[in-house]
Amino acid sequence: MMGMMDIRKLQKKLLKEELKRSRQKSFFWRRGLPGVLLVLVLLFGGLLYWTNRMESALEEDYSKAALAISERDYQQALDYYEGIYRRNPTFHLAGQALYQGAEIKNLYQKRYPEALLDYLTLQQKYPEESALVRDSQVRIAEIYKNRQRDYLRAADEYRKALDLGVKNPDQIQYEIADSYFRQEAYQQAVDAFAELRQSYPHSPLLAEAGYRVATVYSLLGESDAAIQGFREVMGRWPTSPYAIEARFGLAVVLEERDNFAEALSLLHSLRGEYSNAEALDKKIEMLELHMKKKQRR
């Protein structure tokens, strides 16, 4: 068995080894830590330098894109914009670059599905860019209405634009009503035009809205409502171009109700004012011929 002397020797040996390890650790922290910190500082400095250079290059590309647009080199501008977004989606102008690229595809290259995807991507990736999100939503609605002719979807997308607080809500409300009209969803169109007149009583679009409602009633064969609508436009907005259109529309409805004299008087009053003089003259000629036939009976 191990004696007491041997145990003490072993304890001393273990103690010496522990002291040696402690000195080595202390040496590392005294000598090694500053080196590690220096490496970290150099790495951070290098990263900051690289980031600044990258941002400067991207800002330069953004300026080049704007110059290309001014020179109508839209594909070159698009290449710059897409490169900016692709290289660094977190760059402070990346959302703007994505939007401008979508605008080029939409307005100049007729690449509507791709533009639509870019607008949607912008809304998903950069929700904090509120102005761009609103503008993108209007563009989405315009594409559905004017390019894809999906009028019901367009009306829904325009309503989303309203909810986002667009700067021209009366115009957007008009687009909703017009979308329903083009879809021949006439009752929804009437309701949407009524909402325009109620919500935006000072809008410059009221005369046109009133004329469009009267036209809808005329198409539906609701002559009393059509006559009332046309007369309202003529009375409330006499200097509006739609007052002239309302006179023509009223004349058509009155003719359908065999009120030939007033219809003919209205048509004659339009000479020199109505934009389509040839169509007006033909309408007067046909009405006068119809009146003569009626008188012979």
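The values are calculated or read from the model by the stated rules, or taken from the named source; none is laboratory data. Computed from a predicted model, the values in this text were never measured in an experiment. All Cβ positions, glycine included, derive from the backbone under ideal geometry; neighbour counts span all protein chains shown.
Residue-level check: of (1) touching a residue at least 24 places away in the same chain (Cβ under 8 Å); (2) outside any helix (DSSP H, G or I), Glu128 misses just (1).
Conditions tested, residue by residue: (1) touching a residue at least 60 places away in the same chain (Cβ under 8 Å); (2) surrounded by fewer than 19 Cβ atoms within 10 Å (Cβ to Cβ); (3) charged (D, E, K, R).
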| site | (1), (2), (3) |
| --- | --- |
| Glu222 | no, yes, yes |
| Leu250 | no, no, no |
| Asn259 | no, yes, no |
| Glu273 | no, yes, yes |
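In the range 82-140, the qualifying residues are those that are of a type in the set (Val, Ile, Thr) and within 27 Å of Ser56 (Cβ to Cβ), and the one that is surrounded by the fewest Cβ atoms within 10 Å (Cβ to Cβ) is Thr90. For the range 41-68, filtered to residues that are under 13 Å from Asp79 (Cα atoms) and not acidic (Asp, Glu), the residue that is modelled with the lowest pLDDT is Leu58. In the range 99-106, the count of residues that are under 27 Å from Glu128 (Cα atoms), modelled with pLDDT of 95 or more and either of a type in the set (Gly, Ala, Ser) or in contact with a Gly (Cβ under 8 Å, 6 or more places away or on another chain) (or both) is one or more.
For the range 208-216, the criterion of being within 29 Å of the chain's Cα centre (by Cα), in contact (Cβ under 8 Å) with a residue 24 or more places away in the chain and over 30 Å from Met291 (Cβ atoms) is met by at least one residue.
Which condition does Arg72 not pass, out of (1) within 14 Å of the chain's Cα centre (by Cα); (2) not in a helix (DSSP H, G or I), if it passes all the others? That leaves (1) as the condition not met. Restricting to the range 217-241, name every residue that is assigned to a loop (DSSP other than H, G, I, E, B) and of a type outside the set (S, T, N, Q). Across the range 217-241, the qualifying residues are Leu220, Gly221, Glu222, Trp237, Pro238.
Tell me yes or no: at least one residue of the range 266-276 is in a loop (DSSP other than H, G, I, E, B), of a type in the set (S, T, N, Q) and within 26 Å of Ser203 (Cα to Cα). Yes, the range 266-276 contains at least one residue that is in a loop (DSSP other than H, G, I, E, B), of a type in the set (S, T, N, Q) and within 26 Å of Ser203 (Cα to Cα).
Yes/no matrix, rows are residues, columns are (1) surrounded by fewer than 14 Cβ atoms within 10 Å (Cβ to Cβ); (2) at pLDDT below 95; (3) in contact with a helix residue (DSSP H, G or I) (Cβ under 6 Å, 6 or more places away or on another chain); (4) on the phi > 0 side of the Ramachandran plot:
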position: Ala177; (1), (2), (3), (4): no, no, yes, no
position: Ala185; (1), (2), (3), (4): no, no, no, no
position: Ala209; (1), (2), (3), (4): no, no, yes, no
position: Thr239; (1), (2), (3), (4): yes, no, no, no
